[in-house]
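Quick notes on the structure that follows.
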Amino acid sequence: MDRPAPSLSGTVHVTRPLPEPGTALLEAAGLTVTANSDDRPLDAAELAAAVADADALVCMLSDRIDGALLDAAPRLRVVANYAVGFDNVDVAAARARGVEVTNTPGVLTDATADLAWALLLATARRLGEGERLVRSGAWSGWAPRQLVGQPVAGRRLGIVGMGAIGRAVARRAAGFGMEICYHNRRRVPSDVEAQLGVTYVGLDELFATADVVSLHAPLNADSHHLVDADALARMKSTAVLVNTGRGPLVDEAALVQALDEGRIAGAGLDVYEAEPVVHQGLLDRGDVVLAPHLGSATTTARADMVELCTRNVVEVLSGRPAVTPVPPGP
Ligand code: 8YV
């Protein structure tokens, strides 16, 4: 990003230490930065105190931005969420108070699609179990029946949510010769379908026919527990579930039960219903691969997210439109 001439005044609060370039771009724009230097989420009272004089807020998934918090920040003009997902922000409450909400689409698409594929392959091929076996010292050598997993190449991939990340996952699947079906709130244009080689299906058909189901839908009232006991019961016993979207897309208790009953083959999860708490039934199982919300955790994605948040703050405080305002509601 070209460093903006220091022309702005105002205060921006940043709720967690940011990776490089950190707050340097905000400061270079002339803004006063207050920041939580502890790498832990602030509680509601701490956050309210921190935003009392703020004109802008850079916040994360771990911060709940609701009407009460916004009322504690009378000067606030923009909430720049350091994430593409914005289910942690009450957007209607912000809009009602004239506060702009922005997110970070695009810059973490490839990072998240790569991570979905890492989980897909690791789960299908039982890599977590294999790694633990080798590290344990108990591995006694190659065996014909050892850790036999599910094939990936040539199988059927079901993508739920065909936004930028779902599409990036589909593009990667082409290299594996997969047949790809998808479901999305709105069917994507036919030229995009043709380009990606994807077929639109209803959710029930997707769950019933896919060998891998990968979730890329935003979390909202409609998508909460999109994968519930019914959906899991429809899935093939050899199927693998991958979730790099948001934890509450999946009913974790139902997932544990389905795994216990052998109704699906495994799950690769980057996100959880009550992060950082992970359902004990998942922790106890070998056939799940559990990542600590790493979707956007690459050097370039995280740096680009910092830059995009900064540009959003600078634009709004300069009286110009945000670069990436969150999309209007469903
Ligand atoms: C963020 C994410 O890094 O962008 C998202 O929606 O889930 C992650 O990539 C995380 O939410 C921190 O705010």
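Computing FRET efficiency as 1/(1 + (r/R0)^6) for Ser7 and Ala49, where r is the C-beta to C-beta distance and R0 is 25 Å, gives about 0.30. With contacts taken as Cα pairs under 8 Å and at least 6 residues apart, the chain reaches a relative contact order of 18 percent.
In the chain, one over the average inverse separation of all distinct C-alpha pairs is 21.1 Å, which is the Kirkwood hydrodynamic radius.
Take every Cα pair under 8 Å in region 109-290 that's 6+ residues apart, average their separations, divide by the length, and report that relative contact order as a whole percent. Rounded, it is 22 percent for region 109-290.
Quick one: if the Förster radius is 22 Å, what FRET efficiency do Asp39 and Val277 give, using the C-beta to C-beta distance and rounding to 0.05? Calculated value: 0.75. Each of Met178, Met60 was scored by other Cβ atoms within 10 Å of its Cβ. Listed from fewest to most, they are Met60, Met178. Within the shell defined by Cβ-Cβ distances under 12 Å, the residues around Asp90 carry a net charge of -1, with Lys and Arg each +1 and Asp and Glu each -1. Extending 7 Å from Cα along the Cβ direction at Asp228 and again at Val148 yields two label points whose distance is 3.7 nm. Panel order for Cys59, Cys309, by other beta carbons found within 10 Å of each beta carbon, from fewest to most: Cys59, Cys309.
Bear in mind these aren't lab numbers, they're just calculated from the coordinates by the rules spelled out. Note that the structure is a prediction, hence the values are computed from the model and not measured. With ideal geometry, Cβ positions are generated from the backbone for all residues, glycine too; neighbour counts draw on all protein chains shown.
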